[in-house]
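**Student:** The structure follows.
The values are calculated or read from the model by the stated rules, or taken from the named source; none is laboratory data. All figures in this text were calculated on a predicted structure; none of them were measured in a lab. Every residue, glycine as well, gets a Cβ built from its backbone with ideal geometry; the counts of neighbours run over all protein chains shown. Side chains included, ligands, DNA and RNA excluded: accessible areas come from the protein's heavy atoms. Shrake-Rupley method; radii C 1.70, N 1.55, O 1.52, S 1.80 Å.
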Amino acid sequence: MTTVPLDAPLEIGGLRVPNRLYRAPLLECVGDGPDAGERLADELEPAAASGAGLIFQGATIVRGEGGCVAPNMTRIDTAEKADRLRAVTDAVHDHGGRIAIQLDHGGLRCLETWHRGYRAAHPELRQLAVSRPPGVLRALDCVGALEYDPHVLSTGDVYDLAADFGRAARRATDVGYDGVHLAGANAGLVQQFLSPYYNRRSDEFADGARFLELVHDEVRERAGDVPLMTKVPTESRRPPFVRRGLSPTDAVEIAVRLADYGYDALVPVEGSTFWDMSLVRGEYPRRTWEASQFQPGYEAAFGGRRRAALVRALTRVSAAANGFEPRWNADLCRAVRERVDVPVLCEGGIRTREGIDRLLGTACDAVGLARPFYAEPRLPARLLADASAAVACENCNNCVVPQATGAPGMCRTPSVVRRRGEYERRGAYERDR
């Protein structure tokens with residue numbers, strides 16, 4: 001039995017969240033144009049309207065060039081771009097919800113590394129690197145699987161980058177965001193600072209958590225006491241040929257340090273050193289890999305038909321090694337929660353109301369779902385109303401792979417779409433029904 005009801009309010013750094021259910025960050029892929037705010041509002045408003053207490057807008061890039069991990073991401077590097085996003089915060093607040101923005105930079109994971117079409121169109125861009133890329137990545141560069149022209153950050157560069165996170169946080173709060181969430185996992189730049197696999201620096205940032213402390217200070221100086229959260233990763237799912245990586249013990253100690261330093265909430269997650277299927281555990285997405293409408297996009301992204309076939313084969317191997325596991329971050333969240341005095345948020349493989357109730361008050365203080373929102377944008381109404389509810393999502397990952405082409409995040413599995421239609425006909429997504 002849960003010791004904390006799902007509909008109980010929660011305070012995160014002074015922000016009162018009306019319940020313990022949140023929409024975890026997802027790639028929205030709405031672009032960076034003048035209509036980005038309206039498109040994001042269309043994407044996120046259903047979660048607020050159906051009762052989600054907190055909504056995380058997915059990874060939003062803090063700089064004006066480079067750094068995107070997928071096509072059609074949104075940036076918040078200027079006040080003008082931030083002002084477009086008022087439509088998002090207004091839409092969420094109109095329903096009594098709360099919204100935080102996730103700030104990100106991909107570092108070595110970005111488009112200028114893996115997307116052939118983007119790299120050809122932007123040959124001047126260099127990847128930001130914490131240190132010289134690891135040997136495995138350099139080998140992949142040598143054989144043409146990836147393309148690296150890294151700029152290893154100097155100490156001054158790191159201070160400038162942290163300031164850009166602070167400036168982005170200020171722009172976000174100016175247009176109504178209720179909180180700031182750092183993309184501290186998923187093999188992005190923040191994780192690259194934390195990871196012994198990537199970080200071989202000799203300055204103060206050899207201690208990767210020091211970067212997160214510096215970002216904290218920049219956010220506080222520029223955006224005040226806005227609730228500040230971050231993911232805290234492990235690399236326990238790394239491939240066997242990677243000897244060094246963040247252990248669960250490392251993650252717990254980093255979490256304790258960040259909580260003591262002033263972070264208002266933490267999201268512990270198990271992952272890998274690479275951007276692989278450990279991030280979206282489930283099935284190999286055969287349907288969308290084989291769909292004819294995406295083939296031109298795959299070939300443009302990966303550099304031709306043969307390279308796209310190679311990536312497809314690697315995806316199959318990675319999916320086989322990273323099958324679905326219910327509540328896969330629960331043990332790590334529990335270990336962190338036992339050591340810190342700030343809220344711990346848990347996401348990853350949570351698919352039933354019963355599973356949510358088992359986690360709340362024991363492993364975490366709030367529970368988030370991600371891919372199920374692609375399948376059911378108004379999912380909170382069902383989970384909040386029905387103690388026996390389960391999500392429609394089948395963990396098939398057909399929503400994920402097309403994003404390499406710039407396609408929007410959405411469910412593309414007919415059986416799931418039909419199930420959502422059945423729920424709609426029953427009125428299951430009506431709030432307070």
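**Student:** Hey, any idea what the orientation-averaged projected area of the convex hull of region 224-333's Cα atoms comes to, in nm²?
**Tutor:** Orientation-averaged projected area of the Cα hull: 9.7 nm².
**Student:** If each DSSP helix of 4+ residues adds -39,500 (n - 2.57) and the sum is divided by the residues in the chain, what number results at 222 nm, nearest 500 deg cm²/dmol?
**Tutor:** Dividing the helical sum by the residues of the chain leaves -11500 deg cm²/dmol.
**Student:** By the gyration tensor of its Cα atoms, with a ≥ b ≥ c the square roots of the eigenvalues, what is the shape of region 286-399: rounded for a/c under 1.5, prolate for a/b over b/c, or oblate? Each step should come with its number before you reach the end.
**Tutor:** On the way: a/c = 3.04, a/b = 1.90, b/c = 1.60.
The shape class here is prolate.
**Student:** Taking the chain as a Gaussian network, Cα atoms linked when under 10 Å apart, which of 204, 235, 354 shows the biggest mean-square fluctuation?
**Tutor:** Per the Cα network of the chain with a 10 Å cutoff, 204 tops the list.
**Student:** log10 I(q)/I(0), Debye, Cα-only the chain, no solvent, q = 0.12 Å⁻¹?
**Tutor:** -0.97
**Student:** Keeping all protein chains in place and using 1.4 angstrom, which order do 328, 275 fall into by accessible surface area, from largest down? Provide the component values of the computation, followed by the final result.
**Tutor:** On the way: 328 30, 275 110 Å².
Putting 328, 275 in descending order of accessible area: 275, 328.
**Student:** Whenever you get a sec, line up 4, 152, 267 from highest to lowest accessible area (probe 1.4 Å, protein heavy atoms).
**Tutor:** So, going from the largest accessible area down, we get 152, 4, 267.
**Student:** Quick check: at a probe of 1.4 Å, how many percent of the accessible area of the chain sits on carbon and sulfur atoms?
**Tutor:** 49 percent
**Student:** Tell me the per residue accessible area of the chain using a 1.4 Å probe; a whole number in Å² is fine.
**Tutor:** Value for the chain: 38 Å² per residue.
**Student:** A further question on this structure: First measure r as the distance between the Cβ atoms of residue 200 and residue 286, then evaluate 1/(1 + (r/R0)^6) with R0 = 35 Å and state the FRET efficiency to the nearest 0.05.
**Tutor:** E(calc), rounded to 0.05, equals 0.35.
**Student:** Going out from 0 in 5 Å bins, what whole percent of all Cα-Cα distances in region 73-144 drops into each bin?
**Tutor:** 3, 12, 16, 18, 13, 11, 9, 9, 6, 2, 0
**Student:** Between region 242-294 and region 19-42, what's the alpha-carbon centroid distance in Å?
**Tutor:** Computed from Cα coordinates, the inter-centre distance equals 21 Å.
**Student:** Once you measure Cβ to Cβ distances between cysteines in the chain, which Cys have no partner under 4.7 Å?
**Tutor:** Cysteines of the chain left without a disulfide-compatible partner: 29, 68, 110, 142, 393, 396, 399, 411.
**Student:** Under the classification rounded if a/c is under 1.5, otherwise prolate if a/b is larger than b/c and oblate if not, where does region 283-348 fall, given a ≥ b ≥ c as square roots of the Cα gyration tensor eigenvalues?
**Tutor:** Prolate.
**Student:** Something else now. For region 1-109, build the convex hull from the C-alpha positions and give me its volume per residue in Å³.
**Tutor:** Value for region 1-109: 121 Å³ per residue.
**Student:** Express in whole angstrom the spacing between the alpha-carbon centres of region 332-393 and region 105-183.
**Tutor:** That distance is 31 Å.
**Student:** Please list 61, 254 from largest to smallest accessible area, probe radius 1.4 Å, with all protein chains kept in place.
**Tutor:** 254, 61
**Student:** Next question, about the same structure. Given region 145-260 reduced to its alpha-carbon atoms as identical point scatterers, what log10 I(q)/I(0) does the Debye formula return at q = 0.13, 0.20 Å⁻¹?
**Tutor:** -0.54, -1.15
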